[in-house]
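Visitor: Let me give you the structure first, and then I'll get to my questions.
Taken together, the values in this text are just the output of simple stated rules run on the coordinates, not laboratory data. Remember, predicted model here, so these are calculated numbers, not experimental data. Neighbour counts run over all protein chains shown; Cβ positions are idealised from the backbone, glycine included.
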Amino acid sequence: MGRPRLLVVSMSLPVTAKRVGEESWSFTMSPGGLVSALLGLKEFETKWIGWPGVDVHDAVGKQTLSVALAEKGCVLVFLEEVCDQYYNGYCNNILWPIFHYMGTPPEYRNDATITYESQYDAYKKANQIFFDVVKEHYEDGDIVWCHDYHVMLLPQYLKEYNSKMKVGWFLHTPFPSSEMYKTLPSRSDLLCSVLAADLVGFHTYDFARHFEDACMCILGIEATSEGVVDQGKVTQVAVFPIGIEPERFINTSALSEVIQYMEKFKNDFGGRKLILGVDRLDTIKGIPQKYQAFEKFLEENEDWRGKVMLLQIAVPTRNGIGEYQKIKDQCHGLVGRINGRFGSISAVQIIHLDCSIEFNQLCALYAITDVLLVTSLRDGMNLVSSEFVACQKAEKGVLILSEFAGAGQSLGAGALLVNPWDIKEVSTAIGEALNMSPEEKERKHKINFEYVKTHSTQQWADDFMNKLIEITTNAELQAANVPHELPEHDVIQQYSKSNNRLLVFGFYGALTQPMKNQERSGDGMNLELHPQLKERLKALCSDPKTTVVVLSRSEKNILDKNFGEYNMWLAAENGMFLRHTSGEWVTKITEHMNLEWIDGVKHVFKYFTERTPGSYFETSEASLVWNYEHADAEFGKAQARDMLQHLWAGPISNASVDVVRGEQSVEVHAVGVTKGSAMERILGDIVHNKSMTTPIDYVLCIGCFLGKDEDVYTFFEPELTKKIKSIPGGDSPKKVSSTIVDLKGEDYFSVAIGQTYTKARYFLDSSDDVVQLIHKLCPHNNA
Ligand SMILES: O=P(O)(O)OC[C@H]1O[C@H](O[C@H]2O[C@H](CO)[C@@H](O)[C@H](O)[C@H]2O)[C@H](O)[C@@H](O)[C@@H]1O
Ligand SMILES: O=c1ccn([C@@H]2O[C@H](COP(=O)(O)OP(=O)(O)O)[C@@H](O)[C@H]2O)c(=O)[nH]1
């Protein structure tokens, strides 16, 4: 099967269009790393959907531009009147500064027509326009890969339209710490939308962790090893550090035209050492800090004056935004000052160019550079540093790299890492780089060159796409596994034919009366057996061919109170305690189980209970539950989020526990305390104590379980378990008959109450259906 077609969606297309006649257009490559990176996506049949950098209002212009760009594999998005408030406003004046830890500029408050709301409105409209275009071009099986902060609402729009679409989202910028992200007024909407994607990717682990933290503390959704799980929907969060197309740079820097440029530039620079900066003229790139550090270096190293120069290519970007105009003036001012202080008649110290340069010239500059100076205050990755590494010739240059660029994690080993805010440190690094021995330069270069060569854009795209394909394929398989309506007739027929039956029931939701949402409480809290079950259950339990187990999260006393009079097995706290109603409780907590975290968790639960009127918590041997069903709903939810942060930061940071968020509860329990593992713990005991001689040949397992407890449904799957012989954990396995479960597929019925995503084979709508079923299994005249 061929690879699926790829629809790449990003704000910018790889080319920016300029109208040069009624029907004709010229194109230049769009600036920035995202475009450079995505140009490397060669192995996919790709359509690139984006904005061409210009808005066209007449029909002829739209038509001719669409045709010209279609030849380049591009599909146009016309943003028209929303463009300014969307791109210059919400994207680059609100999201961009927040994502780069610069806070939100207050300017938008000065103009009553440009408010936060109006810009967010434009953002929503623009995302809707992107959505309409994707919808028009989407074909079944396509993968839609959304890029960057410009299209954070798109995953949700796409999935709402067609839940089967394979959707990925990759962020090219940093994702800030949740403390910073929290300041964004539309923080929840954007997070929720991104979570609609199947796969969410970041450049570094830090960014991924920040995103997961934000999901937890803003949405109260926790990240697990599977990804971020929200009501059964899993969004995988993973790290894909982007690379460059190394061959493109290596080959270009060997071209004769480039070699000529190299000679020319060296000649122009008159033998001075070259420090190079290549950045979009963006506030995040730390260009003023770079100039200040160079100024300090010149101040403190008189000998180097006139022998070294700093060439800064300051590629114009986002000219419509006030901050970008200010930074330009600031840079010009600094350059003037430094050249005034340290320049001479024959040479200036800094050359600052407000323009982009042609690719061959860029490669030539990289190749002859002695020091590449990257001082980003924050940067998603920074591809310039990799490009510099790829272009090095015999005499190697040194990379000075900001620790706040994503590239710091990938290229740090072969670079001098600096804190760009520390002017003195950067100045010292400049000196160190200029004085570095050729051997050390070679050594450092080798490390980075190896990395750059092996971590290409193609690799990055392949990794992302393969992961996305894997996730969506698995999801399709899982979705195909929808539970069926319970075949009642078979349940009853097989029951009557069997010789040794095991009936496993959960308590909450399965044997209790159906509750309205607002009455819901967690399993184990003041629960009462469904009144219509009392008689029939007794009859069922008295049948010598039938063993009944109630396997519940509830505590011992609750099970005692409800089931003490029946002839059955009770497994409390998810099997941590086991009792036949004719005997005493025995603990299944082993001495290896570390429960030291309990006191710390209790402390946090107590703290939040005191501060959340109406909430309460319950403690049992191996688990604690904090419940806020009677508290103010919104406040309770917010408190639960804070509580989770406290727990992760403190008592459970290194503990082997699972944290489960219920609808209005937070539960912490020892890891692996699931109903499936409980079954494994208790089955041997049950069989042994009942002195069963024939293997169990019929199992009915009914529950309304949390996702983590659904392993009990697969525990008995005949094809998984084959013939269960002895069960570890049974008191004396030797005495247990050699095959204790011998189950055929048609004799196994796993039933989830009211769940659509489940591992169970069948479903029932409510415990009323369980009542009906038990009545049929055990008609009154049998009682
Ligand atoms: O299109 P612009 O508004 O002019 O901005 C150019 C791009 O800037 C950002 O690039 C980021 O992506 C690079 C590749 O992943 C990464 O190395 C760099 O650190 C980022 O800043 C922005 O994220 C893109 O959307 C813009 O197109
Ligand atoms: O005149 C130039 C100089 C550089 N670049 C390219 O701009 C990209 C900058 O990417 P980076 O990741 O360093 O930062 P971004 O601009 O995306 O924030 C690199 O691929 C450069 O080759 C460019 O388009 N025009």
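Visitor: Please report, in whole Å, how far the alpha carbons of segment 430-514 spread along each principal axis, starting with the longest.
Guide: 88, 30, 27
Visitor: On C-alpha positions alone, give me the angle between the axis of helix 116-137 and the longest principal axis of the chain, in degrees, nearest 10.
Guide: That works out to roughly 80 degrees.
Visitor: Considering only the chain, what is the antiparallel percent among its DSSP beta bridges, to the nearest 5?
Guide: Rounded to the nearest five, the antiparallel share is 35 percent.
Visitor: Work through the residues other than P544 whose Cβ is under 13 Å from its Cβ and net out their charges, Lys, Arg +1 and Asp, Glu -1.
Guide: +2
Visitor: Oh, and also: If we count other beta carbons within 10 Å of each Cβ, what is the order of D279, D463, fewest first?
Guide: Sorted ascending by nearby Cβ count, the order is D463, D279.
Visitor: In addition: If you build the Cα gyration tensor of segment 10-109 and take the root of 5 times each eigenvalue, what three semi-axes come out, in whole angstrom, biggest first?
Guide: Values for segment 10-109, descending: 27, 19, 10 Å.
Visitor: Pairs K18/K135; K534/K637; K534/K759; K72/K467; K266/K444: which are spaced more than 25 Å apart, C-alpha to C-alpha?
Guide: In this structure, K18/K135; K534/K637; K534/K759; K72/K467 lie more than 25 Å apart at Cα.
Visitor: Moving on to the next point. Relative to the compact globular guide of 2.2 N^0.38 Å, what is the alpha carbon radius of gyration of segment 518-611, as a ratio?
Guide: 1.32
Visitor: So what are the ³J(HN,Hα) numbers for segment 59-71, from phi and the Karplus equation (6.51, -1.76, 1.60; θ = phi - 60°), rounded to whole Hz, Gly and Pro as x?
Guide: Each residue's phi maps through the Karplus curve to give 4, 5, x, 4, 5, 5, 5, 4, 5, 4, 7, 4, 4 Hz.
Visitor: Another question, if that's okay. Please arrange F211, F269, F705, F27 by counting, for each residue, the other beta carbons lying within 10 Å of its beta carbon, fewest first.
Guide: Lowest to highest Cβ neighbour count: F269, F27, F211, F705.
Visitor: Counting only Cα, what are the radius of gyration and maximum Cα-Cα distance Dmax of segment 231-339, in Å?
Guide: 19.5, 66
Visitor: Given the convex hull over the Cα atoms of the chain, what projected area results after averaging over all orientations, in nm²?
Guide: Approximately 40.7 nm², given one-decimal rounding.
Visitor: Right, another one. For a quick check: sort Y628, Y451 by the number of other beta carbons within 10 angstrom, fewest at the front.
Guide: In order of increasing Cβ crowding within 10 Å: Y451, Y628.
Visitor: Quickly work out the V586-to-K424 label distance, labels modelled 7 Å from Cα along the C-beta direction, and quote it in nm with one decimal.
Guide: Here the answer is 7.0 nm between the modelled labels.
Visitor: Thinking of segment 282-395 as a set of Cα atoms, what percent of all their pairs are more than 17 Å apart?
Guide: Summing the P(r) tail past 17 Å for segment 282-395 gives 59 percent.
Visitor: For L417, list long-range residues whose amide hydrogen, built 1.01 Å from N in the peptide plane, is under 5 Å from its own amide hydrogen.
Guide: L401
Visitor: I've got another one for you. Quick one: plug the Kirkwood hydrodynamic radius of segment 154-198 (C-alpha pairs) into Stokes-Einstein at 10 °C, 1.306 mPa s, and report D in µm²/s.
Guide: The diffusion coefficient I find is 138 µm²/s.
Visitor: Using the alpha-carbon atoms, what tilt in degrees (0 to 90, nearest 10) does helix 359-368 show relative to the longest principal axis of the chain?
Guide: That works out to roughly 80 degrees.
Visitor: Let me ask something additional. Can you tell me the orientation of helix 457-480 relative to the chain, as the angle in degrees between its alpha-carbon axis and the longest Cα principal axis, to the nearest 10?
Guide: Computed tilt is about 20 degrees.
Visitor: Computed over the Cα atoms, what is the radius of gyration of segment 660-711 divided by 2.2 N^0.38 Å, N being its residue count?
Guide: Normalised Cα radius of gyration, segment 660-711: 1.46.
Visitor: Sticking with this structure for a sec: Please give the FRET efficiency for S26 paired with D121, using the beta carbon to beta carbon distance and R0 = 25 Å, rounded to the nearest 0.05.
Guide: It comes to 0.15.
Visitor: Put a dot 7 Å past each Cα toward the Cβ at R443 and R305; how far apart are the dots in nm?
Guide: Spacing of the two 7 Å Cα→Cβ label points: 3.4 nm.
Visitor: While we're on this one: Tell me what the chain gives for mean residue ellipticity at 222 nm when only DSSP H runs of n ≥ 4 count, each as -39,500 (n - 2.57), the sum divided by the residue total, rounded to 500 deg cm²/dmol.
Guide: It comes out at -11500 deg cm²/dmol, rounded to the nearest 500.
Visitor: Give, to the nearest whole percent, the P(r) tail of segment 195-295 beyond 21 angstrom, counting all Cα pairs.
Guide: Cα-Cα pairs of segment 195-295 separated by over 21 Å account for 63 percent.
Visitor: When the Kirkwood hydrodynamic radius is evaluated over all pairs of different C-alpha atoms of segment 409-565, what value in angstrom, to one decimal, is obtained?
Guide: 23.4
Visitor: With all distinct Cα pairs included, what does the Kirkwood hydrodynamic radius of segment 64-196 come out to in Å, to one decimal, could you say?
Guide: Mean inverse Cα-Cα distance, inverted, gives 15.8 Å.
Visitor: Quick check: the distance between the Cα centres of segment 553-573 and segment 314-393, to the nearest angstrom?
Guide: After rounding, the separation between the Cα centres reads 73 Å.
Visitor: While we're on this one: What value in Å³ per residue do you get for the convex hull of the alpha-carbon atoms in segment 160-234?
Guide: Per-residue hull volume (Cα only) is 96 Å³.
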